[in-house]
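See below for the structure under consideration.
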Amino acid sequence: MSFMQPSPVKYACSCGILNPINKLFFCRHCPKLRCGFCVCHEIESHFCSNCLENIPSSEARHKKNCCANCFECPCCQHTLSARAANVPVVRKTEEIKDGECKESPSGAATPPAPGSSKPSTTPTTKKIYYLSCLSCRWTTRDVGIPDQGVASGTWPDNECLYQARFNTLVDYYQSIVLQEKQEKMEFMRRKAPKQHKFPSLTDRTGLTVSLIRRQIGWHDKSIPKTKAINITPAEVTADVGGLPEDIFTEPLNLRNITTIAQRHGQPGDQPTAVSNLYPRRRSLWIKRSLRCRQCEHNLIKPEYHPTSIKYRIQLFASYHVPEVLMVRCEQPLQPGKSNAILLKFSNPTMYDMTIRILSALPPEEELISSEAFQQACKTNEEAVTSSPLVRAIGLTLSRQNSTREVKRDVEDVSNAEIVPLESEFVLSQRDDSKEFDEDVQLPTEEPKFIVWRKGNKVLIRLQFTPAAELPPNTDVVMGFFMQYTYVNTVSNASEKKEPTTNALHSRIFINAGATEKAD
C-alpha cells in the first residue's frame, strides 16, 4: 500500500464517522475512539512561525493575529528579509562657536570673524535598511516605501480607505453587546432567590442593601449607561468608476497586473497594478489542544514553546488500539463467490491483547454501552447543576451545552458477509528489542486461520463472500466488530490504583477492492 494512497481500513469513532486509525484519538477515561469532529478544539498559544516569538492572546487579538516584526512578500508570499545598504552622507560644515577666539602667533587672542566656518574633511556613510524578497527579488523600493535607519524599523502599513468606517462600526456593536450584557446581569440579579447556606448579616437582621442605602440617604446603584454612538447609514450610489482611457489602445502587459491571490492579500483596496502592492504582516500560527466532549479530559496537549514539536499529552489511537492492515485477497473478487483476505494485526501497547472478530455486536453489549452513555451524560449534568441557585435560575456555569456529545449510529456500508473466526487469538505485547533478537521462535500450535506470527504482529486469514447482486467494478466493503482487551492504567476512582482490564469494541470497515466480471 502506497503512503500517498488512502487507507482501505477505516475505524468508526463515537460520532459515527469513518476514519483511518492515524486520524483518530483514544480517550482513556471514557474509553472510546474520538475523531476531529467529536472533540473540543482549544487554542493553547499564538506564535510567529518565522521569528518563533510567543504572543499572548490579548496581544494577538490587538494586533489582528499578525506579527509585528515579520512581513510577507505581496507577490510570492515568501518571508521578506531586511537588507542593508551604505549611503554617503554629506556632513554640514562645522561653524565656530560664538565667543570662541583664535590665538595669533604672538599669543594674542583675536576675535573670530563673523560667518566663519570649518569644512569637514572626513567623508561619512550611513547604513539604511529595506525589505527584500530572496525569491522574486521584490523590494520595498519598488513601491516607494522609504528606507529605515534600523533593521527592525517601523515599516508603514497600507491602511484601508474605509478603516475609519470599520472602527466606528466595531465600537457601535461593542457598545450594544456591553449594554445587553449589563441588562442581562441586572435581570438575573433581581431574579435570583436568596437561598444561601450561610446568610449574610443583612439577611439575618431582615434588612437589604437597598433599604440600608435608602435609610442613609444614598441612591440605589444603577447600571452605568454606555455612551450612545451615532453612525451614519451607508448610502447606495450608482456612480461606478469608469475604465481607463488607454485600456483598448495600449498593449496589455500581464506582468504588471496582479493575480487573484495578490488581490486577496490586500482586501482593503485590492490593487490591480503590481506597483501598488505593499508588504503584509505575517499571520500568527497557533498550537491547539484537544479535549474529550464527554469527560472533558485532554487528549492532545502540545508543549508551550514554539520550537518544541513534542506533546505533554498524546492519546493517539495508534498507541492504544490494535492496528489492522489489509495485505491482499487470495482470489479475484467476484459477486457471490467465497473468498479470503489476509489481515495483519499489530499490538501497540505493553500488555497482551485478546482479539475476537465478530460479525455483530451481542445484544447485551449494546445494552451496556447505551446505559453507560446515558449514565455518563446524567452524571455530567448533575455535576453542572448541583448548586440550588443555579437550578433555580436555570443557568449552566460550564460549557456542557456546547460540548455535549450526541450519539449517532454508524451507517452500515458493507456489502459482503464475513465468516466469524471459530476462536479468539492473543496478540503479544510490544517489545522493540525482540526485532533485533536472533533467537528462533519454537513452533507452537496455532489456530488454522493464523498464517504467521512474529513479535506483536499476527497475520490471519478471514473468509468472506461478496453480495451476489453487485455489478462489475463495484468496491467490496466488509464490516465487522473487533473485540479486544485493553489494560487501562488510568482510574477515575481515587481508591483504585491498579490497572483494570476492559473488553472494548471497535467497528472496522475494509475496502477489499473492485469486483471483476464473472467468467
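The values are calculated or read from the model by the stated rules, or taken from the named source; none is laboratory data. What you see is a predicted model; the values in this text were computed from it and never measured. In this analysis, Cβ positions are derived from the backbone assuming ideal geometry, glycine residues included, and neighbour counts consider all displayed protein chains. All accessible areas refer to the heavy atoms of the entire protein, side chains included, with ligands and DNA or RNA removed. Shrake-Rupley method; radii C 1.70, N 1.55, O 1.52, S 1.80 Å.
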task: Heads up, I need the accessible area for H62: 1.4 angstrom probe, whole protein in place, Å², nearest 10.
output: 150 Å²
- request: Leaving out ligands and nucleic acids, note down the accessible area per residue over the stretch 238-347 with a 1.4 angstrom probe, in whole Å².
  value: 62 Å²
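When only DSSP loop residues count, what chymotrypsin sites (Phe, Trp or Tyr not before Pro) in the stretch 282-312 have their Cβ near at most 13 other Cβ atoms within 10 Å?
Numbers: sites: W285, Y304, Y311; in loops: Y304.
Counting only loop positions with at most 13 other Cβ atoms within 10 Å, the chymotrypsin sites (Phe, Trp or Tyr not before Pro) in the stretch 282-312 are Y304.
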query: So who's got an amide H within less than 5 Å of the one on W138, skipping anything under 5 residues away but keeping other chains? H placed 1.01 Å off N, in plane.
result: C133
